[in-house]
């Protein structure tokens, strides 16, 4: 009886397994293309291209001018502070506090003006760099097509490479130099930070 039950159970399991075996196999997933990688160094492109050097010269001139302006205002404020120190000795306490508060407000305003100028210069740099990136994009696409690549990485993301043959930085610089050699950098408000998640 036990032998008969086992045979029946085996036949039943075999019968239940038949539809699964008879179902057509799912097609294999399409093969992904093998990565063919090129490498660029964006820092070098900005440093050594004509347009990058032009941006650097303009920014340096802006920074020097801002520094000179702030230094002149700072010297004037320092002279005012020395005069104030002589005055407050003979002023009544409430008048003394008003003078001190007004002077500290001027100091704070000067600091804020320096920070704002620095942010505006950086905003101008950001706008200029975005313009360079837009000019560089079709150049990089062309280099990918010429070299049969499907991916470009910045050199900062590459841990190790056993050849410099993948590096197309100089080719990108050469083509960028032919396309654009200068951009006018203007003061600009810095880009607003993205909103915090969940807001």
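Quick notes on this one:
- Among the residues of the stretch 136-148, some residue qualifies, meaning at least one is outside any helix (DSSP H, G or I) and out of contact with any helix residue (DSSP H, G or I) (no Cβ under 7 Å at 6 or more places or on another chain).
- Residue match in the stretch 156-167 (condition: in contact with a helix residue (DSSP H, G or I) (Cβ under 9 Å, 6 or more places away or on another chain), at pLDDT below 95 and surrounded by 17 or more Cβ atoms within 10 Å (Cβ to Cβ)): yes
- Every condition in (1) in a helix (DSSP H, G or I); (2) surrounded by 13 or more Cβ atoms within 10 Å (Cβ to Cβ); (3) touching a helix residue (DSSP H, G or I) at 6+ places or on another chain (Cβ under 8 Å) is met by residue 87 except one, and the failing one is (2).
- Filter result (surrounded by fewer than 16 Cβ atoms within 10 Å (Cβ to Cβ) and assigned to a helix (DSSP H, G or I)) within the stretch 168-181: 170, 174, 177, 178, 179
The values are calculated or read from the model by the stated rules, or taken from the named source; none is laboratory data. Since the structure is predicted, the reported quantities are computational estimates derived from the model, not experimental observations. In this analysis, Cβ positions are derived from the backbone assuming ideal geometry, glycine residues included, and neighbour counts consider all displayed protein chains.
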